[in-house]
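Before any comments, here is the structure.
Every number here is computed from the coordinates shown, using simple stated rules; none is lab data. Bear in mind that the values here come from a model prediction, so they are computed numbers and not experimental data. Methodologically, a virtual Cβ is constructed for each residue, glycine included, from the backbone with ideal geometry; neighbour enumeration extends over all protein chains shown.
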């Protein structure tokens, strides 16, 4: 049985992948940081996570895709634009070998920040 690796930082997580994947993960991290400058970074569910008044987004690298986890509302709000990607509840998969939609990711992250701030102002309802 393969042991589960536990990372202590996003840097450590990214460093565990081949250079071409590291490049994508680093760019994804930058896009998220620019879109949510006040968000805190951490590892949650063994994945890089950004939080601000709760989880904003997670991301992870897999054999054939980059997983992006903006919660169900982050996908529903952009349904038409994410239609070309494999999606399930709260998950988008961006295939490796195709351009990653960083601009769309940025807009999803900004939407998630606004939603979390709204929830925080209305009494921390999740």
Check: Tell me, in nm to one decimal, what length is gained between residue 43 and residue 117 on full extension, where the rule is 0.36 nm per residue of separation less the Cα-Cα distance?
Finding: 24.5 nm
Margin query: Given an 8 Å cut-off on Cα distances and at least 6 residues of separation, report the relative contact order of the chain as a percent.
Written below: 22
Next item on the list: Report, in deg cm²/dmol and to the nearest 500, the calculated mean residue ellipticity at 222 nm for the chain, where each DSSP H run with n ≥ 4 adds -39500 (n - 2.57) and the sum is divided by the residue count.
Entry: -12500 deg cm²/dmol
Next item on the list: Return 53, 86, 58 ranked ascending by Cβ neighbour count within 10 Å, so the fewest neighbours appear first.
Entry: 86, 53, 58
Check: From the list (i) 1.08; (ii) 0.98; (iii) 1.04, can you say which value of Cα Rg over 2.2 N^0.38 Å was derived from the structure given?
Finding: (iii)
Next item on the list: Just subtract the alpha-carbon distance of residue 20 and residue 63 from 0.36 nm times their residue separation and send over the number in nm, one decimal.
Entry: 14.3 nm
